[in-house]
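What follows is one structure encoded as structure tokens, with my remarks underneath.
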Amino acid sequence: MSIKLFDSELKVMEVLWREGGMAAGQLAKILKDEIGWNRNTTYTVIKKCVEKGAVKRSEPNFLCSPLVTKEQVQNYETEELIGKMFGGSKEKFFAAFLDEEKLSREEIESLKRMVMRLGE
């Protein structure tokens with residue numbers, strides 16, 4: 001999956017991931033209530049998501065459904081960041097993350113378990 005979504009497109013996708021498929025009018029109402037967008041703005045962003053293949057639009061009622069999962073977008077964005085900022089090195093990314101963050105004991109233990117599972 002290689003779809004680059006901009007912040008505005010992610011706002012549309014977040015609602016669809018959270019709520020599931022819905023009519024564009026309903027999506028516009030939610031985004032108006034949550035972030036103040038007008039109907040035209042929402043419809044423009046939906047159109048961009050459709051053009052990128054992230055959203056399927058169907059009749060009746062301009063029904064919008066996500067075609068990509070949140071995890072697919074997260075994975076793509078993570079790979080883009082690692083490629084751009086760390087020369088593609090996950091080790092350098094992880095080292096930079098650990099160097100800058102103050103992790104709780106629970107987070108450290110969870111990360112240890114994840115790394116141990118990778119070695120299995």
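For residue 31, the criteria (1) more than 24 Å from residue 2 (Cβ to Cβ); (2) in contact with a Phe, Trp or Tyr (Cβ under 8 Å, 6 or more places away or on another chain); (3) open to solvent by 40 Å² or more (accessible area, probe 1.4 Å) hold in every case but one, which is (3). Residues that are open to solvent by 80 Å² or more (accessible area, probe 1.4 Å) and of a type in the set (Asp, Glu) were ranked within the stretch 104-120; the one that is modelled with the lowest pLDDT is 120. Figure legend. Inter-residue proximity from the stretch 80-91: first residues open to solvent by 50 Å² or more (accessible area, probe 1.4 Å), second residues not in a helix (DSSP H, G or I), beta-carbon distance below 9 Å, spacing 6+ or different chains. Indicated pairs: 80/4. The set of residues in the stretch 76-120 being outside any helix (DSSP H, G or I), of a type in the set (Gly, Ala, Ser) and in contact with a helix residue (DSSP H, G or I) (Cβ under 8 Å, 6 or more places away or on another chain) consists of 88, 89. Residue 31 meets all of the listed conditions (1) in contact with a helix residue (DSSP H, G or I) (Cβ under 6 Å, 6 or more places away or on another chain); (2) without any contact (Cβ under 8 Å) to a residue 40 or more places away in the chain; (3) not in a helix (DSSP H, G or I) but one, namely (3).
Can you tell me which residues in the stretch 34-56 are open to solvent by 90 Å² or more (accessible area, probe 1.4 Å) and in contact with a Ser or Thr (Cβ under 6 Å, 6 or more places away or on another chain)? The answer is 56, and nothing else.
Among the residues of the stretch 57-75, just one is closer than 18 Å to residue 11 by Cβ, open to solvent by 60 Å² or more (accessible area, probe 1.4 Å) and assigned to a strand (DSSP E or B), namely 57. Take residue 61 and tell me if it is in contact with a strand residue (DSSP E or B) (Cβ under 9 Å, 6 or more places away or on another chain) and in contact (Cβ under 8 Å) with a residue 24 or more places away in the chain. Yes; evaluated as a whole, the condition is true for this residue. Residues of the stretch 1-19 that are acidic (Asp, Glu) and either farther than 15 Å from residue 71 by Cα or exposed (fewer than 13 other Cβ atoms within 10 Å of the Cβ) (or both): 7, 9, 19. Consider residue 22 against the criteria (1) in contact (Cβ under 8 Å) with a residue 40 or more places away in the chain; (2) of a type in the set (A, V, I, L, M); (3) loosely packed, with under 13 Cβ neighbours inside 10 Å: it satisfies all of them except one. Which criterion is unmet? All conditions pass for residue 22, except number (3).
The values are calculated or read from the model by the stated rules, or taken from the named source; none is laboratory data. These numbers come from a predicted model, not from an experiment. Positions of Cβ are generated from backbone atoms using ideal geometry, with glycine treated the same way; all protein chains shown enter the neighbour counts. Accessible surface is based on the protein model in full, side chains and every heavy atom, while ligands, DNA and RNA are left aside. Shrake-Rupley method; radii C 1.70, N 1.55, O 1.52, S 1.80 Å.
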